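Reviewing the structure listed below.
The values are calculated or read from the model by the stated rules, or taken from the named source; none is laboratory data. No experiment lies behind these values; they were computed from the predicted model shown. Quick reminder, even Gly has a Cβ in these numbers, built from the backbone with ideal geometry, and neighbours come from all protein chains shown.
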Amino acid sequence: MAKIPFGPTYDEMLDPSMVDSGIRAKALTALTENELDPINLFNITWKNEAGEVRKVVLPPALTGIDANVVVLLGCGFPSGSHKVGPAYSTLIEGLVDGEIVPGEHTILGPSTGNFGIGTAYISKLLGFRAIVIMPDNMSKERYERIRKYGGELELTPGSESDVILTLERTHEMMKNPKNKALAQFELFPNYRFHRHVTGNSAIQAVKGIGNGRIAGFTSAPGSAGTIAAGDQIKAVFPEAKIAALEPYECSTLANGGRGQHRIEGIGDKMCTLIHNVLTTDFIILIKDEETIQGLKIFHDGVESLVKLGVDRDFALGLRECFGPSGICNILGAIKLAKFLRLGPGDNVVTIATDGFDRYQSVLDELNGRYLETAPFVLDRWANDIFLGATDAHVYDVRKAAAKERLFVQKENDWLRFGYTKQFLDSMREQAFWDEQYAKVRQYNEKICALR
C-alpha cells in the first residue's frame, strides 16, 4: 500500500500533545525558522507551545458589555490563518481515499483569499501544483502570499461578493480530470475540521473564564466552515446560541439581499452547501465600513483604546492579531450579547481568522477615503463602533418558516452545480450532519494507517 505524506490526524490537530514529542519539538522550531518545512503540518492547531488555546478575552472597557468576549486567534497557524486547517483536511482526505494522487493531479483552490493561501501553502508542503481561483479585487497582500508559496492565480471578475463566479470557474476547470478541487464551499472536510478542531478548542478556551460555559458563538460564513464549530458547541452546551454574521450591504441569508462589500472573507451571496442552517439561531448584519474602521482602531488607535480604559499592553497586543473579518466577528459577538441580555459570567466565543499582515493595503485605501484620521476621529470611531454597537439588525431564524427559506436558498444555489434535490433534502435532518462528523474517526484511522 502506497504511503501518503506525513501529516496529523484530526485528533492530533485538536490535541498536539498526542503527536510524538520529537516531531512536535521539530514542528515548533520550524514554525519560526522555516515555514516551508513540511513538518509544519503538525502546527495546524489552535494550541500554542504550552498546549493552550491561542485566544484573547476582550475587556468590558472595549466591548461595553458585562459578558466575556473570547476570541480564538487564527494568526498563529502556519501561513497565518486557520484556513490552512480545512485546506489540509480536504487534501489529506483526498490522498487517503485515493482520489488525489501525487505527481498526477493539480490542486484547485476556490477562495477569496485565506483558503487560497492555505491551499497554496499546503500544496507546496506536499509537493502539488496549486491554482487558486479567486476574485480580482482582493487585497494585494493575499495575491502576494499565494505567489510566495508557489501558487498560480486564476482571477475572476469582482470582489468578495462575487465568489459564485469562482465556483463556476472551478467547476469548469474540474472537467479536466487532472484537476482536483479543494472545494471549501461544498466539501465536508471543511465542516469536519471546524466542528472537531475549532469547536472543541472553543469549548476548551472558556474553561476558567466566567461560568466556563458558552452562551453564544458568532462567525461570519464565507465557506461556512468555521460556523460548524457551533454544532459541536451546541452538542456540549445545548443552550448556546449560534449567530451567522453577514455584511449589511450583502444580506443574502437575512433577507435575500445582494450587494458589494469590503469585509474580505465573508458574505458570498449564497447559502453554502456545508452550512448547517439547522443549528443557526440568528443572522446578524454588520456594516462593512465599521469593520475597516475597527481594524484601523486596533492597528493604529492604541491611544484611543487606552482612553476607553483598555490596558496599554493589552491594546498593543491586539495590533497584529486581526483582519476585517475578525473585527466583524467581534462586533457580532457584542450585538449578540446585547440581544440576549447576557451578563457577568456569560461567555460569547468568536474567531479571528487571520492577522493584520495581509491588510495594510486595506488601511491605505481607507486612509485615502477620509480627509483625516486624526486621533480625535479614531476616538469617536472607537466609541461609536464598539461601545455604541446595538442589537439592531438581528434576525431570528429559529422558526420553521425561516429555516425553510434558507433551505430554498441552498437549493437555488446548488442544484445548478449538479447536486440532487434528494441530497439537499437529506441536509434537513441533523442526522446528516452527525454522520458527516462521525467520519472524523475513520479518517483518523486511515491517516495513521497510510502515513
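Couple of notes before you dig in:
- Scoring GLU35 on the criteria (1) under 16 Å from the mean Cα position of the chain (by Cα); (2) part of a loop (DSSP other than H, G, I, E, B) leaves a single failure, condition (1).
- Of all the residues in region 96-122, those that are surrounded by 24 or more Cβ atoms within 10 Å (Cβ to Cβ) and either in contact with a His (Cβ under 9 Å, 6 or more places away or on another chain) or closer than 25 Å to ILE351 by Cα (or both) number 14.
- In the set (1) at pLDDT below 90; (2) farther than 26 Å from ASP288 by Cβ, HIS196 fails one condition alone, (1).
- Of residues in region 170-193 being aliphatic (A, V, I, L, M) and part of a loop (DSSP other than H, G, I, E, B), the one farthest from the chain's Cα centre (by Cα): MET174
- Residue that is surrounded by the most Cβ atoms within 10 Å (Cβ to Cβ), among those in region 393-417 that are in a loop (DSSP other than H, G, I, E, B) and in contact (Cβ under 8 Å) with a residue 12 or more places away in the chain: VAL397
- Residues of region 230-247 that are of a type outside the set (Asp, Glu) and either closer than 23 Å to HIS393 by Cα or not assigned by TED's automatic domain parsing to the domain that holds ILE203 (or both): GLY230, ALA240, LYS241, ILE242, ALA243, ALA244, LEU245, PRO247.
- Output for region 320-330, where each listed residue is in contact with a Gly (Cβ under 9 Å, 6 or more places away or on another chain) and either surrounded by 23 or more Cβ atoms within 10 Å (Cβ to Cβ) or not hydrophobic (A, V, I, L, M, F, W, C) (or both): GLU320, PHE322, GLY323, PRO324, SER325, GLY326, ILE327, CYS328, ILE330
- Within region 66-124, if we keep just the residues that are among the acidic types (Asp, Glu) and farther than 26 Å from GLY326 by Cα, the residue that is farthest from the chain's Cα centre (by Cα) turns out to be GLU104.
- Counted residues, region 206-235 - those being in contact with a Leu (Cβ under 6 Å, 6 or more places away or on another chain) and either modelled with pLDDT under 95 or aliphatic (A, V, I, L, M) (or both): 2
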